Amino acid sequence: TSPLAAAWSITDPRSKARARWRVTLDPPPGRAAVLRDALQIKVLGERGTTPGSSIVRIELRNRGSMPVLLTPDDLAITQGNRTVLGAEPTPARITVEPGKVRMLELPLRGIDWQEEVRVRVGGAIFRLQFGRDATR
């Protein structure tokens, strides 16, 4: 995104004098930067009770002064080159109010416990290893 140039003018109705202003505005921050600044994120993974199953718990704490709305594009769970689908669909929209915490618990199926699972929230990426003997 590039800076935005803005210009405006005001004319005095009596004197017809015209004043002009010009300003260059910085581009707004990208979505990933907004989420990074507003959210404190913790991600934990736990092997499930059946082979290839796992649970990912995501804690979202809003440190900002405005509500944060996460959309499905803001959250991705992948293993290798594939998206990992859970037993339940990801919530369509998740709102985190200022100063509040939202917990997500996402059951996953078809996980290879020997391979890394990546969880992306906005631009933040977390890597989980379940390992053969690991429980977390």
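The values are calculated or read from the model by the stated rules, or taken from the named source; none is laboratory data. As the structure is a computational prediction, the values presented were derived from the model and not from experiment. Virtual Cβ from ideal backbone geometry, glycine too; neighbours counted across all protein chains shown. Ligands, DNA and RNA are stripped out before the accessible areas are found, and what is left, the full protein with its side chains, is counted by its heavy atoms. Shrake-Rupley method; radii C 1.70, N 1.55, O 1.52, S 1.80 Å.
Taking the Cα centre of the chain as origin, work out the dipole magnitude from +1 charges on Lys and Arg Cβ and -1 charges on Asp and Glu Cβ, in debye rounded to 20.
Details: 22 positive and 14 negative charges, 141 e Å.
Taking the Cα centre of the chain as origin, the dipole is about 680 debye.
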Express the carbon and sulfur contribution to the solvent-accessible surface of the chain as a percent, rounded to the nearest whole number, probe 1.4 angstrom.
-> 52 percent
Hey, can you grab everything whose amide H is under 5 Å from the amide H of residue 84? Only 5+ residues off in sequence or another chain; H modelled, so Pro and N-termini drop out.
-> 77, 78, 79
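What's the local net charge at residue 7, with K and R +1, D and E -1, over the other residues with C-beta under 10 Å away? Before the final figure, lay out the partial values.
Working: positive: 20, 22; negative: none.
Its environment carries a net charge of +2.
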Whose amide H sits under 5 Å from the amide H of residue 48, counting only residues 5 or more places off or on another chain, with H placed in the peptide plane?
-> 53, 54, 55
Label points 7 Å out from Cα along the Cβ direction at residue 59 and residue 34: separation in nm?
-> 2.6 nm
Which whole-Hz couplings ³J(HN,Hα) result when phi for each residue of the stretch 20-27 is put into the Karplus expression 6.51 cos²θ - 1.76 cosθ + 1.60, θ = phi - 60°, listed in order with x for Gly and Pro?
-> 10, 10, 9, 8, 10, 9, 5, x
Lys/Arg +1, Asp/Glu -1 at C-beta; the stretch 21-123 dipole; positive extreme among 25, 92, 52 | 25
Which value in nm describes the separation of the simple spin-label points at residue 42 and residue 103, placed 7 Å from the Cα toward the beta carbon?
-> 1.0 nm
Listed by chain and number, the residues whose amide H is under 5 Å from that of residue 39, excluding neighbours fewer than 5 places away on the same chain and using placed H, are 63
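Relative contact order, percent, of the chain when contacts are C-alpha pairs under 8 Å separated by at least 6 residues?
On the way: 264 pairs, mean separation 32.4, N = 136.
Normalised by residue count, the contact order of the chain is 24 percent.
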Ranked from highest to lowest mean number of other Cβ atoms within 10 Å per residue, what is the order of the peptides 116-127, 15-26?
-> 116-127, 15-26
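Sort 111, 41 by heavy-atom solvent-accessible area, probe 1.4 angstrom, most to least. Provide the component values of the computation, followed by the final result.
Values: 111 10, 41 35 Å².
If we order 111, 41 from most to least accessible, we get 41, 111.
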The ratio Rg/Rh over the Cα atoms of the stretch 7-90, Rh being the Kirkwood inverse mean 1/r radius, stands at 1.35
